[in-house]
Every structure is written in C-alpha cells, then in structure tokens.
1. Looking at segment 61-74, is at least one residue among the basic types (Lys, Arg) and modelled with pLDDT of 95 or more?
2. Can you tell me which of (1) outside any loop (DSSP other than H, G, I, E, B); (2) under 25 Å from the mean Cα position of the chain (by Cα); (3) modelled with pLDDT under 80; (4) of a type in the set (A, V, I, L, M, F, W, C) is the one Ile40 doesn't meet?
3. Which one is surrounded by the fewest Cβ atoms within 10 Å (Cβ to Cβ) among residues in segment 313-330 that are assigned to a loop (DSSP other than H, G, I, E, B) and within 14 Å of the chain's Cα centre (by Cα)?
4. Look at segment 290-310 and say how many of its residues are among the hydrophobic types (A, V, I, L, M, F, W, C) and closer than 30 Å to Glu37 by Cβ.
5. Mind checking which pairs have a first residue in segment 132-143 that is in a strand (DSSP E or B) and buried (at least 24 other Cβ atoms within 10 Å of the Cβ) and a second that is modelled with pLDDT of 95 or more and of a type in the set (D, E, K, R), Cβ under 7 Å, 6 or more apart or different chains?
6. Counting just the residues of segment 156-179 that are touching a helix residue (DSSP H, G or I) at 6+ places or on another chain (Cβ under 6 Å) and either of a type in the set (A, V, I, L, M, F, W, C) or not in a helix (DSSP H, G or I) (or both), which one comes out surrounded by the most Cβ atoms within 10 Å (Cβ to Cβ)?
7. Which of the residues that make up segment 283-297 are surrounded by fewer than 23 Cβ atoms within 10 Å (Cβ to Cβ) and either polar (S, T, N, Q) or touching an Asp or Glu at 6+ places or on another chain (Cβ under 7 Å) (or both)?
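The values are calculated or read from the model by the stated rules, or taken from the named source; none is laboratory data. Bear in mind that the values here come from a model prediction, so they are computed numbers and not experimental data. Quick reminder, even Gly has a Cβ in these numbers, built from the backbone with ideal geometry, and neighbours come from all protein chains shown.
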Amino acid sequence: MKKVLPMVAACLVVLLLAALGVVYSWTFTPHGKLDLEVAISLKLTPEWPAPGSISVEQEREELRKMFERFSADPIPMQRVVNRTIPGPGGEIPIRIYQPVPGDNLPILVYFHGGGFRIGDLDTHDGICRALALGASAVVVSVDYRRAPEHPFPAAVEDCYAATEWVFSNAADIGVDSTRIAVGGDSAGGNLAAVTALKARDLGGPGLVFQLLVYPATDLSSYDTDSWKDLGTDYFPTREWSEFTREQYTPHQADRTRPWASPLLASDHSSLPKALVITAQFDPLRDEGQAYATKLRSAGVEARHIRYEGVPHGFFGVSIFRKSQQALNQAAAALEEAFSQ
C-alpha cells in the first residue's frame, strides 16, 4: 500500500502537468500569443450564431447573457437613474450614473457597442460604472435607436441629440457643461467619433475628450491587414460585419460619408483630444490605429494604446486583467482631460 500511494500521486501530477500543457497550448496562434485567461474563455464560450440564423431579438438576448456570464458584481454608485429624453425619432432612454456625492461634476456621454444592432444599457452597465467611479464623473449611457429597425443615420442623430441635451440640461443633472466628454466601444466608438465631428461642424457642445475603444471607423472597406488576417477566426468576423453593415447602412453610398465612416472625413483638425484603445486579436484593430494617426496628423492630441493578447470585446469583460487595466487607463485619461 505504501508503494501504491506514491505511484498514484506521481500519476496525478503527470496528468495535471499534461492538462496544464494542453491549456497553455491554446495561447499559441498563427497571429501571436493570447492571454491565458482569454484563451480559456474562447474555448469555453459557445460559437456566436451565424449571421441571420436567429432573430435580432434573440441575438440581443444572447449578448446580454454573455455579458452577465463574464461580468463581476455591479460597482455601487451614489445614484443610478433611468429616464428618457426627447430625440429626433421619439424618446431616447438613458441611464445616468453618479458615482459620488456632489454637484458640478464632469460628464461622459457613453455610447454602447454591439454592431449598431444588439447592445443596450444593460450590456454596458459594468463599463459605465467602472468609468464613472474611476474618473469621478457622471456617466450618461445612451440607448440610441438600433438597426435593422432604424438604419443610419438614426443612431447618429440620437447620440448627437443626447449630447446636446446633456449640455443644455447640465445644471439640472448637476454636471459641468464645460467638461463634457464622449466615448464608446466598437460601434459606440464610431458614434463617439462621429458625435465629435458633428459637434465641431455644427457648432455644437464644446467637448474636452473622446474615448474611442476599438472603434469601427471605416464602414466602406475591409482593406486592412487586421481584417485580412483575423476576419475569419476572431469576432467580429467579416461575415458578421458585412451582415451588420447591410442592416445599418443599406445604402452603399452612405458608407463613405464621414458620419458613418469618420476615418474618411476630409478634415480631422480642431477635434477634442482622444484616447484610442485597440486589441491585438481584433479585426477592427488597424482602422482604430489609423484613426489615431489621422487625428495626430491633423494636430489633435491623440494617444493610441494597443492591448496585446486580447480580442475585440475585452474592454467589457471585467474578469479579465487586461480589461481592468484598460478601464483604469481610460478613467485616468478622462480624469486628466477633465482636470485641464
């Protein structure tokens, strides 16, 4: 019996090491090395339904479940208010997060991601709470109209209207109208960049900052290395993106308009300072980096941070260490912009 126990223990150690070796091997890809926690989550996460295989309502529900699965407990806030505000196509639902007591706080107007189709206030609740607390700022999350029910430019109109509403009603909601930033991830990053362009071109609210997290900046083309290298194996796949683009911009001519593809604007000068966050394993990576380059070329202070080892969507997965790091850096950049 004494001889058997060491043998069993040795076998268990060998099996454990073999299992760890298999799991570690998941981090190696033809395109670089994934973070271990990301590699494990990708293996355990069910494949996203093929474009058009389920209804948009079902797809929206799947996204909510995914965010719930990978999110930590909600960060407590001083106050969270759900309400509606007037919009060009009817009432716009918003959610206001106030992290700490006080008046005259700075404010971030945040636009959720989801391919212009499937995100909502609940899927991005964790992001908004983290940014509010980290930046000591009020966050207004905007539930803009989504495709396919409301194609371009409905989302753009709602996001700009919400930003104007915040500016005009700053005193009523206890924020400082001279310290307004816009931000968003993926499709929301597109809408934040477009809102900044519109505010400049239409003489709208003066914005102090734009937070652009893996933004979609060019809906007219897939001619980047990241789309060519990653568009088959990593979300958003090119197939999914093309389906989404057809629903958001059914008229092909709209895809080259600056308010759909901000990268294609003829002038990027006089825009608010920016932080652009991209991810190594994201097909949108290169167009986000290209937008930061365009801003800098036009004289705009724009910082670009590329997070290695992570895919599109990592910003909202609060259990990832890189997500916490990115949220902290985004909040610090906001706080710095507000202080200036």
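1. no
2. (3)
3. Ser318
4. Residues that pass the stated criteria total 5.
5. Final answer for the pair search is Ser141/Arg95; Val142/Asp158.
6. Cys159
7. Asp286, Gln289, Thr293, Ser297
For every residue, the table says whether it meets (1) free of Cβ contacts under 8 Å to residues at least 60 places away in the same chain; (2) closer than 30 Å to Trp240 by Cα.
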| residue | (1), (2) |
| --- | --- |
| Arg69 | yes, yes |
| Gly90 | yes, yes |
| Val100 | yes, no |
| Ala171 | yes, no |
| Ser186 | no, yes |
